[in-house]
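Step one of this worksheet: look at the structure below.
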Amino acid sequence: MGPVPAHPVPALPPLSAIEAGAAVVRLPLTVRFRGVTEREALLVRGPAGWGEFAPFPEYDDGEASRWLASALEAAWEGFPTPVRTSVPVNATVPAVAPDRVRDVLAAFGPVSAVKVKVAEAGQSLADDIGRVAAVREVLPEAALRVDANAGWSVPEAVEALGQLEPYGLEYAEQPVPGINGLAEVRALLAARGTPVRIAADEAVRKAEDPLRVARARAADLIVVKAAPLGGVRRALGIVRKAGLPAVVSSALDTSVGLAAGVALAAALPSLPYACGLGTGALLAHDVVAEPLVPVRGALSAERLAQRAMADPELVQRWAAPEERREWWLERLRRCHAVLAAAETGQRDACH
Ligand SMILES: O=C(O)CCC(=O)c1ccccc1C(=O)O
Ligand SMILES: [Mg+2]
């Protein structure tokens, strides 16, 4: 994993202690997002509170083990000291038809920033333009970002961003795959005079070395998610070393996972952009009594550990089917073994 430790917890808790407090939930979404209508998560309970282990299904055990490190940090160590009490957030508009935009936005309440998903498989640039135009019509003053999730080629990205720029874009998130791709798009946009900043997301989150984007000057800012980066403390270290502005974003977490994102955003020395942590509004149900959903465009960063305490009744009500529970517990065991091996390796390196 390189110079940034893979597990931030002082000592890895034994698997039996983690399994003892583990619950697997499946929550319905209000709208299709990333091709899914339900989100599954394994929740863990430790001495410091609750943590969320919910790596996307396509993540391998190496990537997923960082997610476990993040869950264990939340549940066994707790979050670092915040420097702010409130975190501004954006609304997130999935790849819906323009006539659904108003309703999707309404669920977030008033916001100063909106992220619009673009380049969805099976859709066209005309669909993206229609969706962005609809958002602009509802919120003429909002800061607008688009997120292509690496769905364009370099020429497609330059063409699309040229056509979307007149709607006023704050930045474009991961328009194309890879670090070199981002650098290319950034240079081509500059050459043709299209003033759109480039944000790196997958190129940070899925990279072997999360700092390569910054060293390659491939982006103007980075998107950081606490869980895939191995927890709040490790993500803070990555942002510090990257030396680029950072936007904290969710991974479509339950309120338990969102709390880690809020803790990260609240601990960053500088937070120049609204964060993508409003996604609690896309969940039809949640596991805590008072879900972490935006109020007047922001999430409070106070009493996070308490607010991220799952309610046993809700955990029971949204329990995943038995075979899914088994699948997640197996994944937990494999990822625990990955972290245990990393810990042994680090200990040996010190002697
Ligand atoms: O940033 C936001 O507004 C919401 C979070 C989000 O878009 C997201 C959620 C789950 C997985 C990937 C992503 C992403 O930013 O690409
Ligand atoms: Mg993204």
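Figures for the structure shown
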quantity	calculated
Residue in the stretch 15-44 that is surrounded by the most Cβ atoms within 10 Å (Cβ to Cβ), counting only those that are within 16 Å of ligand 1 (Cβ to nearest atom) and among the small types (Gly, Ala, Ser)	41
Residue tally, condition part of a loop (DSSP other than H, G, I, E, B), closer than 15 Å to residue 261 by Cβ and among the aliphatic types (A, V, I, L, M), over the stretch 288-330	5
Checklist (1) more than 16 Å from ligand 2 (Cβ to nearest atom); (2) farther than 20 Å from residue 90 by Cα applied to residue 210, failing item	(1)
Subset of the stretch 271-292 that is surrounded by fewer than 20 Cβ atoms within 10 Å (Cβ to Cβ) and in contact with a helix residue (DSSP H, G or I) (Cβ under 9 Å, 6 or more places away or on another chain) - its residue that is farthest from residue 250 (Cα to Cα)	289
Flag for residue 237 being under 13 Å from the mean Cα position of the chain (by Cα) and away from ligand 1 (no atom under 12 Å from the Cβ)	no
Residue selected from the stretch 213-228 under the condition in contact with a Leu (Cβ under 6 Å, 6 or more places away or on another chain) and over 20 Å from residue 64 (Cα atoms), by the criterion farthest from ligand 2 (Cβ to nearest atom)	214
Criterion (within 15 Å of ligand 1 (Cβ to nearest atom) and acidic (Asp, Glu)) met by exactly one of 208, 202	202
Answer from 308, 320 - the residue that is in contact with a Lys or Arg (Cβ under 6 Å, 6 or more places away or on another chain) and touching a residue at least 40 places away in the same chain (Cβ under 8 Å)	320
Qualifying residue in the stretch 307-323 (condition: away from ligand 2 (no atom under 16 Å from the Cβ), in contact with a strand residue (DSSP E or B) (Cβ under 8 Å, 6 or more places away or on another chain) and closer than 25 Å to residue 170 by Cβ)	no
Residues (in contact with a Ser or Thr (Cβ under 9 Å, 6 or more places away or on another chain) and either among the aliphatic types (A, V, I, L, M) or under 16 Å from residue 271 (Cβ atoms) (or both)) located in the stretch 208-238	223, 224, 225, 226, 227, 229, 232, 235
Pair list, Cβ < 9 Å and 6+ apart or interchain, from the stretch 133-152 residues that are touching a residue at least 40 places away in the same chain (Cβ under 8 Å) and within 14 Å of ligand 1 (Cβ to nearest atom) to residues that are part of a helix (DSSP H, G or I) and among the acidic types (Asp, Glu)	149/202; 150/202
Qualifying residue in the stretch 19-27 (condition: touching a residue at least 12 places away in the same chain (Cβ under 8 Å) and farther than 27 Å from residue 307 by Cβ)	no
Matching helices (runs of 4 or more DSSP H) fully within the stretch 110-207 where at least 1 residues are within 25 Å of residue 229 (Cα to Cα)	179-191, 202-205
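The rows are residues; the columns are (1) closer than 28 Å to residue 26 by Cα; (2) surrounded by 20 or more Cβ atoms within 10 Å (Cβ to Cβ); (3) within 14 Å of ligand 2 (Cβ to nearest atom); (4) not small (Gly, Ala, Ser).
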position: 169; (1), (2), (3), (4): no, no, no, yes
position: 176; (1), (2), (3), (4): no, yes, yes, yes
position: 184; (1), (2), (3), (4): no, no, no, yes
position: 199; (1), (2), (3), (4): no, yes, yes, no
position: 233; (1), (2), (3), (4): yes, yes, no, yes
position: 247; (1), (2), (3), (4): yes, yes, yes, yes
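Read the figures in this text as sums done on the coordinates, not as results from a lab. Owing to the predicted nature of the structure, the values given are computational and were not obtained by experimental measurement. Don't worry about glycine lacking a Cβ; one is built from the backbone with ideal geometry, like all the others, and counts go over all protein chains shown.
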